[in-house]
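K.L.:
Sharing a structure with you now.
The values are calculated or read from the model by the stated rules, or taken from the named source; none is laboratory data. Since this is a predicted model, take the numbers as computed values, not measurements. Glycine also receives a Cβ, built like all others from the backbone with ideal geometry; neighbour counts cover every protein chain displayed. Keep in mind that these areas ignore ligands, DNA and RNA; they rest on the heavy atoms of the full protein, side chains included. Shrake-Rupley method; radii C 1.70, N 1.55, O 1.52, S 1.80 Å.
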Amino acid sequence: MADNPSSLTLTRVRLGAGGPLVRVRVAGGRITHVVAESDAGSGVGGERQLDLDGRVLIPGLWDAHVHLAEWASARHRLDLAGTSSAQAVADLVRERAGAGDGSVLYGYGFRDGLWADAPDKALLDAVLPDRPVALVSADLHAAWLNSACLALVGKGDHPTGLIREHEAHEVLSALPAAPADVVDGWIEEACRAAAARGVTGVIDFQFGDTVVDWERRSAQFRPAVRVSAAVYPSRLDAAIKRGLRTGDEVGADGSLVQVGPLKLFTDGSLNTRTALCRDPYPGLEGTDGAHGIEETAPDELVRLMRHAAAHGIEPAVHAIGDRANTVALDAFETVRCRGRIEHAQLLSPQDLPRFAQLGVTAGVQPRHATDDRDVADRHWAGRTERAFAYGDLLAAGARLEFGSDAPVSPLDPWLAIASAVRRTDDERPAWHPEQRLSVPDALVAAARGRRLIRVGDPADLVVVDVDPLDADPDTLRAMPVHATMTNGRWTHGTY
């Protein structure tokens, strides 16, 4: 990952998927020339030339929704993905726990939306009664603790040990954490792994004082990706007092770390049946929470958005259920500010055109559509034709930006691209194939709207060995990334 000389020309490289052979000159972290390879005699060159032998050059990819500390930590935790029941999780804890030293055993990735049995502290107590156990759901909206862990956080009288939404976040924050320098090392490693998949930037929605955390990290290491660090309501006034605005450069290397949006919540999630919906969840009719939960009242949502926007901080509003998305769009219409809706998983037909009309970006995670198709078929029965409706959003003129929500899904943009294009990740037919995107449209959404490489653009580039237009489904998902460049510097590859 050595720095480049003052200028570099990439020769015999294809300009985008299906594109012509060109030469691309990079200097000062930007694209300075793009000329046809047949015009090589035009004098476009550099201190160094690199022959890419007909490989494909595409704009740098972004993951527009990650929780970097959670993702980096999850890579070092007990993996619960694929477990089919609460008992299966308990059995896995028994197998992997070992003797332990009294430290908290962390696990990540359970999905209980389709389980026949319920997560309960008694199951964990039976297999590991003395060592604290804290298991985080795949959607980050629930925590499952044993009695020893509940006692550690002052929740010893909790009836089940399954804690959801804000209370879960508070409980997890109260648990002993790995030292900051250890987590920062994991994050540096995770950023390098992301660059190896063609990622040149992320929006980090990690809960906490994310801007300050990245100011500290940027003084310790140069991240392999650009970082847009989110602000949470508890830190909003402090950010305003500092004069920070969305897009401002911060940290020791301000060209790579910027202030991101204000993260707000309207509802919960699908897997926990807390996404706010117009129709009740099957089996919950007539009960409290039958339609999900309202995380932030509409008036308070408007107040926070207006306060942030007046000081140059754009809101990013978490909304999953159809009612939640209407509430979020109504707030944008009231405040009349730029911003984003994160997830936009279930939409009312009348809300589809409002994204474009209001200039609101839809930050979506295509891997969720394929991961959660069975849960959606059960809990949103009869409504799934408007779930994860990427084709309809694009047709209505919305701007789509892809993310992973890592660790909910792996931080790998090619998985998102493949899921958006195919609408299936297994042998089953496409789920609602009418919502599929074309490869070119998926690439644009994965590159935060960049369709072409143009003179003057930042030199955030990815070189791939296979043209995405020619890739079969398996190759598209596991796209061989030859090299990645961020801000004119190689962050992956041997150059």
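K.L.:
Apply the a/c threshold of 1.5 to the C-alpha gyration tensor of region 171-293 and tell me whether it is rounded, prolate or oblate.
P.N.:
On the way: a/c = 2.22, a/b = 1.87, b/c = 1.19.
It is prolate, given that a/c is not under 1.5 and a/b is the larger ratio.
K.L.:
Now for a different question. In whole angstrom, note down how far apart the Cα centers of region 192-258 and region 114-191 are.
P.N.:
So the separation of the two Cα centres works out to 26 Å.
K.L.:
For region 378-427, what does the alpha-carbon gyration tensor say about shape, rounded, prolate or oblate, given a ≥ b ≥ c as the root eigenvalues, a/c under 1.5 as rounded, and a/b over b/c as prolate? Intermediate values should be presented prior to the final figure.
P.N.:
Details: a/c = 1.69, a/b = 1.18, b/c = 1.44.
Note, shape of region 378-427 comes out oblate.
K.L.:
Which of the trypsin sites (Lys or Arg not before Pro) found in region 300-362 are loop residues per DSSP with 14 or fewer other Cβ atoms within 10 Å of their Cβ?
P.N.:
Details: sites: 303, 306, 323, 336, 338, 340, 354; in loops: 336, 338.
Filter output for region 300-362: 336.
K.L.:
Which percent of the accessible heavy-atom area of the chain goes to carbon and sulfur, probe 1.4 angstrom? Each step should come with its number before you reach the end.
P.N.:
Working: 9230 of 18760 Å².
Summing carbon and sulfur atoms, their accessible area is 49 percent of the total for the chain.
K.L.:
Which whole-number percentage describes the relative contact order of the chain, with Cα contacts under 8 Å and a sequence gap of 6 or more? Walk me through the numbers before you get to the answer.
P.N.:
Details: 1133 pairs, mean separation 89.7, N = 495.
Across the chain, relative contact order equals 18 percent.
K.L.:
Here's a follow-up. In region 431-467, which trypsin sites (Lys or Arg not before Pro) are in a loop and have at most 12 other Cβ atoms within 10 Å, using DSSP for the loop call?
P.N.:
Working: sites: 436, 448, 450, 451, 454; in loops: 436, 448, 450, 451, 454.
Sites meeting the loop and neighbour criteria: 454.
K.L.:
Let me ask something else. How big is the dipole moment of the chain about its Cα centre under a simple scheme where the beta carbon of each Lys and Arg is +1, that of each Asp and Glu is -1, and everything else is neutral? Debye, nearest 20, please. Can you show the working numbers first?
P.N.:
Details: 52 positive and 69 negative charges, 293 e Å.
The calculation lands at about 1400 debye.
K.L.:
Which lysines, on any chain, are close to residue 155 with Cα under 26 Å apart, when same-chain ones fewer than 8 places away are left out?
P.N.:
Cα-Cα hits under 26 Å: 121.
K.L.:
Does the chain come out rounded, prolate or oblate, given a ≥ b ≥ c as the square roots of the eigenvalues of its C-alpha gyration tensor, rounded meaning a/c under 1.5 and, failing that, prolate meaning a/b above b/c? Please list the in-between numbers first.
P.N.:
Numbers: a/c = 1.63, a/b = 1.48, b/c = 1.10.
It is prolate, given that a/c is not under 1.5 and a/b is the larger ratio.
K.L.:
State the extension gain, in nm to one decimal, for the chain segment bounded by residue 95 and residue 311, taking 0.36 nm per residue of separation less the distance between their alpha-carbons.
P.N.:
Details: separation 216, 0.36 × 216 = 77.76 nm, distance 5.20 nm.
Residue separation times 0.36 nm, minus the Cα-Cα distance, leaves 72.6 nm.
K.L.:
So, one more: Which angle from 0 to 90°, rounded to the nearest 10, does the C-alpha axis of helix 210-220 make with the longest principal axis of the chain?
P.N.:
So the inclination is approximately 50 degrees.
K.L.:
Turning to a different aspect of this structure: Under a cut-off of 20 Å between alpha-carbon atoms, report the lysines in cross-link reach of residue 263, not counting same-chain residues fewer than 8 places apart.
P.N.:
241
K.L.:
Restricting the count to DSSP beta bridges whose residues both fall in the chain, what percent are antiparallel, rounded to a multiple of 5? Can you show the working numbers first?
P.N.:
On the way: 32 of 72 bridges.
Taking every DSSP beta bridge with both residues in the chain, the antiparallel ones total about 45 percent.
K.L.:
Further, regarding this structure: Round to the nearest 10 and give me the degree value, 0 to 90, for the angle of helix 298-309's Cα axis relative to the longest principal axis of the chain.
P.N.:
In the chain, helix 298-309 runs at an angle near 30 degrees to the longest axis.
K.L.:
Under unit Cβ charges (Lys, Arg +1; Asp, Glu -1), what dipole magnitude, rounded to 20 debye, does region 350-495 have relative to its Cα centre? Please list the in-between numbers first.
P.N.:
Values: 17 positive and 22 negative charges, 107 e Å.
Around 520 debye, computed over region 350-495.
K.L.:
Can you give the charge dipole size of region 87-144 about its Cα centre, rounded to the nearest 20 debye, using +1 on the beta carbon of Lys and Arg and -1 on the beta carbon of Asp and Glu? Spell out each step's value before the answer.
P.N.:
On the way: 5 positive and 9 negative charges, 20 e Å.
I would put it at about 100 debye.
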